[in-house]
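A.B. asks: One structure follows; several queries about it will come next.
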Amino acid sequence: MAVSKKRFRTYTGWLLATVGVVVAVCFAINCLVDPLWYLRGNVLTGLNYPFNEREAAIIRLLPRLADYDCLILGTSRASLLPEEKIEGYRCYNLSVSDGQAPEYLLYAKYLRARGFDPRLVIVDVKRAEFLGPAQAVELPDFIRSGAAPPSIFASYLSLDALDFSIRTLRGDAPHHRYYDSDFRAQLEVRSKRHRYDPKGPIKPQPAPFDVHADRAAAYVELRRQFPEARAIGYIPPESAWRIAAFSLTGQLDAYLAAIGQIAAAYDEFLDFSIPSALTDGKDGTYDGSHYARSANAPVLAGLMAGQSDLAVDWHKQDLAAVSALYHRRLAEFMETTTEAEAAPKR
């Protein structure tokens, strides 16, 4: 009996030691790769993948709130703005994949409750948000409840985080974007075979394309969260092929009317989705919606200058004038595209 008890204690001791080693290794790997951005990011390869961007981005910001006086809210398209080039401000980019105004609004309220009062706020307005069924709001539970985020121990002793770390080390990215060692979003380099290359003739965008102008109210309410801040709204660049396809649905004017409501609430509002020298071409984007950081440099310069040849300024023209300009630019683009497609190939 004494021998059996001794063996049991030995077995239990080795089992607990083994479990302890496994847990320690799990925690160590997660700390080194840092998939949820509690620490310094991935110190092994320098690549930080947005597996859970909505949680990781806010976790990284909270301990550093006092370091920033500028906030960017938007979709993955806005994450590609080179925020480090904004002079006179220290800007944090809280943009997330497929984000939407109701989510930004909850983030803003959460940050405001913690005393965050930025001097500058830049908001990306997403065209798709106004079309078809409403998108579900996806946010961490602690944002909804106003609580603190989970501790690093609770997060990094989990198998979910370990899975993110292993996928990071394997290069198994969830999107075509990644964050470098400075947490600046970049587009992955793609082969010529996978580059954006739309062909004519341009056809109407597939359904759903019904416009819900009432969704503009969330963007207006978002601006009110930081009343003392300089608030810049903008629509990111989008390929003229995509905008032309949307215009053929007959919903362009209804959509622009919704944008007009938002533009009136912001101190500045520039629309870079109108056909321009940037969006008429096929370079700088892999899908006609996400433009590389370098392509977004003139976009950011225009936002900070308050004007750009690549955009229409909603504060300098009324809705009728903006609509007329859109229709004229689109007609010119489609005519040129049709002629180019019809030209004999050499």
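A.B. asks: How many residues are out of contact with any strand residue (DSSP E or B) (no Cβ under 9 Å at 6 or more places or on another chain) and either modelled with pLDDT under 95 or among the charged types (D, E, K, R) (or both) when one looks only at the range 86-118?
C.D. replies: 6
A.B. asks: Considering (1) surrounded by 22 or more Cβ atoms within 10 Å (Cβ to Cβ); (2) without any contact (Cβ under 8 Å) to a residue 24 or more places away in the chain; (3) within 19 Å of residue 291 (Cα to Cα), say which one residue 56 fails and leave the rest.
C.D. replies: Tallying (1) surrounded by 22 or more Cβ atoms within 10 Å (Cβ to Cβ); (2) without any contact (Cβ under 8 Å) to a residue 24 or more places away in the chain; (3) within 19 Å of residue 291 (Cα to Cα), residue 56 fails exactly one: (3).
A.B. asks: List every residue pair whose Cβ atoms sit under 7 Å apart, with the two residues 6 or more apart in sequence or on different chains, where the first one lies in the range 244-257 and is of a type in the set (Ser, Thr, Tyr) and the second, anywhere, is surrounded by 15 or more Cβ atoms within 10 Å (Cβ to Cβ).
C.D. replies: Close Cβ pairs (under 7 Å, with a partner that is surrounded by 15 or more Cβ atoms within 10 Å (Cβ to Cβ)) amount to 247/330; 249/205; 249/209; 255/127; 255/130; 255/211.
A.B. asks: Restricting attention to the range 17-53, which residues are polar (S, T, N, Q), farther than 23 Å from residue 189 by Cβ and open to solvent by 40 Å² or more (accessible area, probe 1.4 Å)?
C.D. replies: Of everything in the range 17-53, those that are polar (S, T, N, Q), farther than 23 Å from residue 189 by Cβ and open to solvent by 40 Å² or more (accessible area, probe 1.4 Å) turn out to be 18, 52.
A.B. asks: While we're on this one: Which pairs do you get when a residue that is within 14 Å of residue 298 (Cα to Cα), found in the range 59-85, comes within reach of a residue that is open to solvent by less than 10 Å² (accessible area, probe 1.4 Å) and among the acidic types (Asp, Glu), reach meaning Cβ atoms under 6 angstrom, with the pair 6+ apart or on two chains?
C.D. replies: Listed by first residue and then by second, the contacts come to 78/124.
A.B. asks: Do we have any residue at all in the range 199-206 that's of a type in the set (S, T, N, Q) and either under 22 Å from residue 89 (Cβ atoms) or out of contact with any helix residue (DSSP H, G or I) (no Cβ under 9 Å at 6 or more places or on another chain) (or both)?
C.D. replies: No, the conditions are met nowhere in the range 199-206.
A.B. asks: Answer yes or no: is there a residue in the range 306-313 that is closer than 21 Å to residue 178 by Cα, outside any helix (DSSP H, G or I) and not small (Gly, Ala, Ser).
C.D. replies: no
A.B. asks: When residues of the range 314-335 are filtered for being open to solvent by less than 20 Å² (accessible area, probe 1.4 Å) and among the basic types (Lys, Arg), how many remain?
C.D. replies: 0
A.B. asks: Looking only at residues that are among the β-branched types (Val, Ile, Thr) and modelled with pLDDT of 95 or more in the range 119-165, which one is most open to solvent (accessible area, probe 1.4 Å)?
C.D. replies: Residue satisfying both the conditions and the ranking: 152.
A.B. asks: For the range 285-303, enumerate the residues that are buried (at least 17 other Cβ atoms within 10 Å of the Cβ) and out of contact with any Gly (no Cβ under 7 Å at 6 or more places or on another chain).
C.D. replies: Scanning the range 285-303 gives 285, 286, 288, 289, 290, 293, 296, 298, 299, 300, 302, 303.
A.B. asks: What number of residues within the range 146-173 are in contact with a helix residue (DSSP H, G or I) (Cβ under 6 Å, 6 or more places away or on another chain) and among the hydrophobic types (A, V, I, L, M, F, W, C)?
C.D. replies: The total comes to 3.
A.B. asks: Here are some conditions: (1) surrounded by 15 or more Cβ atoms within 10 Å (Cβ to Cβ); (2) assigned to a loop (DSSP other than H, G, I, E, B); (3) hydroxyl-bearing (Ser, Thr, Tyr). Residue 178 meets all but one. Which one does it not meet?
C.D. replies: Here residue 178 meets the rest and fails (2).
A.B. asks: Among the residues of the range 273-319, what is the count of those that are among the basic types (Lys, Arg) and either closer than 21 Å to residue 71 by Cα or free of Cβ contacts under 8 Å to residues at least 40 places away in the same chain (or both)?
C.D. replies: Of the residues in that region, 2 qualify.
A.B. asks: Another question, then. Criterion first (in contact (Cβ under 8 Å) with a residue 40 or more places away in the chain and over 30 Å from residue 245 (Cα atoms)) does residue 174 satisfy it?
C.D. replies: Here the answer is no, as residue 174 does not meet what is asked.
A.B. asks: Within the range 179-202, how many residues are of a type in the set (D, E, K, R) and at pLDDT 95 or above?
C.D. replies: Summing the residues that are of a type in the set (D, E, K, R) and at pLDDT 95 or above in the range 179-202 gives 3.
A.B. asks: Here's another thing I want to ask about it. Select from the range 63-118 the residues that are open to solvent by less than 60 Å² (accessible area, probe 1.4 Å) and of a type in the set (Gly, Ala, Ser) and list them in ascending order.
C.D. replies: Within the range 63-118, 74, 76, 78, 79, 95, 97, 99, 101, 108 meet the criteria.
The values are calculated or read from the model by the stated rules, or taken from the named source; none is laboratory data. Predicted model only: the values in this text are computed from it and were never measured. All Cβ positions, glycine included, derive from the backbone under ideal geometry; neighbour counts span all protein chains shown. For the accessible areas, the whole protein counts, side chains as well, though only heavy atoms, and no ligand, DNA or RNA atoms are used. Shrake-Rupley method; radii C 1.70, N 1.55, O 1.52, S 1.80 Å.
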